[in-house]
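Structure, as structure tokens:
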Amino acid sequence: MGGGTTRVGDPSDKTSQRPLLTDAVIGANLAGIRRAFAPFLAFGEGPTDAVMVNNADWLDRLGYIEFLRDYGVHFTINRMLALEFVKTRIEAQQPLTFLEFNYLLMQAADFLELNRRFGCTLQFGGSEQWGNIVSGIDLIRRVEGREVFGVTAPLVTTASGVKMGKTVAGAVWLDGAMLAPYDYWQFWRNTEDADVGRFLRLFTDLPLAEIARLEALGGAEINEAKTVLANEATTLLHGAEAAGAAAGAARDVFGSGGITKDLPTRPLKRGGWPQGRSSTEVVFASGLVSSKAEARRKLSAGEVRINDELMTDPTKTIYWSDVEQPLGVFKVQLGKRGRIVLVQPVD
RNA sequence: GGGGGAAUGUCCCGAGCGGCAAAGGGGGCGGACUGUAAAUCCGCUGGCGUACGCCUUCGCAGGUUCGAGUCCUGCUUCCCCCA
């Protein structure tokens, strides 16, 4: 956790100055990140358990002179100028601040510190971290005489070049409270054909032979592979039960057109309205749109179905008595086969 | 220290003779076509309101004007050139 490095910000992101975070916020973020990783890692005290540390623990105490003397001596400008991100910035006549230039020293120092404290020998990161990681490897070799390693992965994009992680409601959240398991399952189910094999290898633990069989499926049969991908990925994050429920909900929705309690559900206050609320209010309550104006637009454009009926009048009253039984909810759907949210009237 | 340039719809890029809710892309959402896919074509993409409508946006703060993204002044940040 970069509680220390966050104070200087991400050098590559020049458009937005990263705000200084208070210790309280950093603590909350740390807890949040820990929660996000919990399904995949076992945190604890055991020999193979995961630990999460905050680099503010050692970076904050570091004085400038001390920093220069302990770490600065091991870095030559000659080598740093040869780094790819430095070269490209200089060649492109783009400014490279001293702060950015120093960022990799701090990250290298982190690796060294982790190596000393925990015997950490491998640093993993996105491909843009290559220079930072290699600098840490060099530093550890010089200071400790130990050989350590780095692994980088390319930014994952879809076959059509789109960055991974964007979806209707924003990002693909790992937190089930931010993105319902059903929607997480759907995200994987809607993978592009060309990505299925790659994603199965990257995001599931299936045997390679099985993956090879799945990605060989052609035409509409590839959908079977997508279902497997969705099941596996959702199981890893939310567990087999949630994955099964999401798959079942999908069968009901896309197969029979029915609804189940496993679909995302949002409340709608009855308030002072005894009979019902306008279609705009109901759609807004679903969270499928971010404003009532957008709800009106989408209704008028014929994008919305309520209880399987195309609803084009933004002012039409939806009566409380129109809820679908036995769940007692309105089924709000964006697009003919698009996202579905159940809206439940509450007092 | 001196000179020049730039900041636009809070997703991004980017046009913008003083009348602008603001061109055009990309992205996103929807439709047609399909297989809950891709590609292609079409529509939508500031907020509030049932509605004539109202409100808020162009780095920040003032000013000129009936009226300012557009002109003037100061400030902030960034870039380039000279020293």
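The values are calculated or read from the model by the stated rules, or taken from the named source; none is laboratory data. Just so it is clear, the structure is predicted and the values come from calculations on it, not from any experiment. Backbone-built Cβ (ideal geometry, glycine too); neighbour counts: all protein chains shown. The accessibility values were calculated without ligands, DNA or RNA, using every heavy atom of the protein model including side chains. Shrake-Rupley method; radii C 1.70, N 1.55, O 1.52, S 1.80 Å.
Tally time: how many residues in region A:302-327 are in a strand (DSSP E or B) and free of Cβ contacts under 8 Å to residues at least 12 places away in the same chain? Please lay out each step first, then the result.
Restricting attention to region A:302-327, the residues satisfying the condition of being in a strand (DSSP E or B) are A:304-306, A:309-310, A:317-319, A:324.
Imposing the further condition that a residue be free of Cβ contacts under 8 Å to residues at least 12 places away in the same chain reduces the set to A:309-310.
Final tally of qualifying residues: 2.
Against the numbered list (1) farther than 25 Å from A:GLY287 by Cα; (2) small (Gly, Ala, Ser); (3) open to solvent by 30 Å² or more (accessible area, probe 1.4 Å), A:GLY197 comes up short only at (3).
Pairs under 9 Å by beta carbon, first residue under 12 Å from A:LYS226 (Cα atoms) and touching a residue at least 12 places away in the same chain (Cβ under 8 Å) in region A:190-213, partner away from RNA strand B (no atom under 11 Å from the Cβ) and open to solvent by 90 Å² or more (accessible area, probe 1.4 Å), six or more apart or different chains? Here the result reads A:ILE211/A:ARG201, each pair linking region A:190-213 to a residue that is away from RNA strand B (no atom under 11 Å from the Cβ) and open to solvent by 90 Å² or more (accessible area, probe 1.4 Å). A:GLU232 meets the stated requirement of being touching a Ser or Thr at 6+ places or on another chain (Cβ under 7 Å), open to solvent by 20 Å² or more (accessible area, probe 1.4 Å) and closer than 30 Å to A:ALA38 by Cβ. Return yes when A:LEU342 is touching a Leu at 6+ places or on another chain (Cβ under 9 Å), at pLDDT 85 or above and not basic (Lys, Arg) and no when it is not. Taking the combined requirement at face value, the residue satisfies it.
Going residue by residue through region A:267-285, is there one that turns out to be hydrophobic (A, V, I, L, M, F, W, C), under 18 Å from A:ARG337 (Cβ atoms) and within 22 Å of the chain's Cα centre (by Cα)? The answer is no; no qualifying residue exists.
What number of residues within region A:328-347 are open to solvent by 60 Å² or more (accessible area, probe 1.4 Å) and either in a loop (DSSP other than H, G, I, E, B) or under 12 Å from A:THR260 (Cα atoms) (or both)? So the answer is 3. Within the bounds of region A:82-99, is there any residue that is among the basic types (Lys, Arg) and either open to solvent by less than 50 Å² (accessible area, probe 1.4 Å) or in the same structural domain as A:LEU174 (by TED's automatic domain parsing) (or both)? Within region A:82-99 (the criterion being among the basic types (Lys, Arg) and either open to solvent by less than 50 Å² (accessible area, probe 1.4 Å) or in the same structural domain as A:LEU174 (by TED's automatic domain parsing) (or both)), the answer is yes, since at least one residue qualifies.
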